[in-house]
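Down below is the structure, laid out as structure tokens.
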Amino acid sequence: MICRCGLRQYAGAGLRLLCAIAVVLVSVLAPALAYADYDRSRKWFNSLSSWERRGIQINLISAGFYTGFADATFGRNTYSALVDFEYRHSIFPNGILTGIEAAMLVRIAQDWRNRLQVADARDERAGVALPVPYALVHRQEATERGALFAEKRSSLQVETMAFDGREASLDALYHAFTRESVSPGITYNAKRQDFFVVSGESGGVKYYTLMRNNFEFVSGFTVAWSSQIDDMGSRVAVYMASEVEFFRPRGGQLPSLLNEDSEIEGDDAPPAQSGVGSGSGFFVSSSGLILTNHHVVDGCDVIDVPRFGRAELLRADEAWDLAIILVTSTNQPTAMFAASSPPLGSEVILGGYPLSTLFDNDFKVAFGEVTGRRGFGGDERQFSISAPIQPGNSGGAIINNRGEVVGIAVSKLDDAKMIEVVGSTGANFSFAIDATRIGPFLRPFAMTIQESASGLTRGANSYDKETLVRDLESYSVQVICRRFG
């Protein structure tokens, strides 16, 4: 840094000393100021609704500032994109968009989409709906697995496709797509619980492939573009990946997933997957501890937590039906706990990932009331609620109207058994583990339910439902159990 002191007649030793001190102060304070801006930007971003956060990321992608998935999650990439945009279009970049800046971002993003004539295309055969830049691809034709969007003179093309998932798992397809013969010149590949991405470059052509579990199919798309339009092609690919929607494919039978001389047979083949189950959980420490049910993770060969990767089972208690798993995470929002059991008749909100196949692994909430002080069979460690617990809700947090966790979802009455025993169903009877009883289970981790408290406690008696749900979603996760055999 060069410190220039305007008038020469004042350029003495004292002034040079002041300049030197200024340089030192700037170098010392700059990191702290940058961190403060990051923290303020994070708080502002997380105060927005999920659809607002995702919308900002989508517009940052369209404007050419963000290259990740639009997942409504704040991180370094989102912060950098916000600041880069503001450096280009704002006087004071701090990672917080003013109303004028937000409107400018929307206009720039929409201008880009208008120039490319972006419009939604729906491919029934592949079960994929995605935005297509019709200024670059003017022709659509059916293929044996989906559709091809291209034009002879175009430097970009898009292909949708679907595979019969009953012939091979997503793991098997990932194994095939990461072979050099299928995807030459791979520069990046990543696999998560329900999707994978493979990208690379070969012969001056770049490509991006996204495949995802889609009912009993595996569906997705590939974007390929000439390296001469690398910025445009990359932006289109990431925009499609963030906006693509999946539905059950319709049409005729798909051709065989693999040739008779399948490349994934033999020693390199992934282990056969004999079962996949899912439940819910929630963070109880910012260092990555997640609380869930024992029966959610019982017998799992692999435990996955979407967005956080592989999880390690640290403790499980069958009698209490509780388990603690660990993922790699820092500064993660955590749940806070109520100091007492919920009163009879009080309102509660249940959050989790029920019926994941039907609801596309989406976070769902249910509202109800505390209907009993004991659980099934008079279990004093539990209480009953009217909010319906569905398969996949197990392990999810149940909160009161102050945002405090009062219970952990565990089960509902078996309707078939109820009809057999008493001649009617047990509608509106679900059970939760009383959160005030779980202190001894958490004690080996040098924490108590009071020490893990954080979040909405600000002295108010209650909060609006939108605020409560947004906070509940911030620390809730889906837990995937995989068994091989």
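The values are calculated or read from the model by the stated rules, or taken from the named source; none is laboratory data. What you see is a predicted model, and the numbers here were worked out from it, not measured in a lab. Ideal geometry is used to build each Cβ from the backbone, glycine not excepted, and the neighbour counts take in all protein chains shown.
Give the residue, chosen from ASP304, ASP321, that is in contact (Cβ under 8 Å) with a residue 60 or more places away in the chain, buried (at least 19 other Cβ atoms within 10 Å of the Cβ), among the acidic types (Asp, Glu) and under 16 Å from ILE433 (Cα atoms).
Working: ASP304 fails: under 16 Å from ILE433 (Cα atoms).
Sole residue among the options that is in contact (Cβ under 8 Å) with a residue 60 or more places away in the chain, buried (at least 19 other Cβ atoms within 10 Å of the Cβ), among the acidic types (Asp, Glu) and under 16 Å from ILE433 (Cα atoms): ASP321.
I want to confirm something. Restricting to segment 336-356 and keeping residues that are in contact with a Leu (Cβ under 8 Å, 6 or more places away or on another chain) and of a type outside the set (Val, Ile, Thr), which single residue is modelled with the lowest pLDDT? If you could, list the steps in order and put the result at the bottom.
Restricting attention to segment 336-356, the residues satisfying the condition of being in contact with a Leu (Cβ under 8 Å, 6 or more places away or on another chain) are 336, 349, 351.
Imposing the further condition that a residue be of a type outside the set (Val, Ile, Thr) reduces the set to 336, 351.
Numbers: MET336: 91, GLY351: 94.
That would be MET336.
Figure legend. Inter-residue proximity from segment 68-93: first residues among the polar types (S, T, N, Q), second residues in a loop (DSSP other than H, G, I, E, B), beta-carbon distance below 6 Å, spacing 6+ or different chains. Indicated pairs: ASN77/GLY68. Here ALA121 passes the criteria (1) buried (at least 20 other Cβ atoms within 10 Å of the Cβ); (2) among the small types (Gly, Ala, Ser); (3) under 22 Å from ARG212 (Cα atoms) except the one numbered (1).
Taking the stated definitions as given, is ILE303 farther than 28 Å from SER384 by Cβ and among the β-branched types (Val, Ile, Thr)? Write out each step before concluding.
Values: farther than 28 Å from SER384 by Cβ: yes; among the β-branched types (Val, Ile, Thr): yes.
For ILE303, the condition - farther than 28 Å from SER384 by Cβ and among the β-branched types (Val, Ile, Thr) - is met.
Residues in segment 133-145 that are under 19 Å from PRO249 (Cβ atoms), in contact with a strand residue (DSSP E or B) (Cβ under 8 Å, 6 or more places away or on another chain) and in contact (Cβ under 8 Å) with a residue 60 or more places away in the chain: ARG145 only.
Is it true that PHE177 is aromatic (Phe, Trp, Tyr) and farther than 17 Å from MET240 by Cα? Write out each step before concluding.
Numbers: aromatic (Phe, Trp, Tyr): yes; farther than 17 Å from MET240 by Cα: yes.
Criteria met by PHE177.
For the subset of segment 130-160 comprising residues that are of a type in the set (Ser, Thr, Tyr) and surrounded by fewer than 17 Cβ atoms within 10 Å (Cβ to Cβ), which member is modelled with the highest pLDDT? Walk me through it before giving the result.
Step one: filter segment 130-160 for residues of a type in the set (Ser, Thr, Tyr), giving 134, 143, 154-155, 160.
Then keep just the ones that are surrounded by fewer than 17 Cβ atoms within 10 Å (Cβ to Cβ); that gives 134, 143, 155.
Details: TYR134: 90, THR143: 87, SER155: 85.
The qualifying residue modelled with the highest pLDDT is TYR134.
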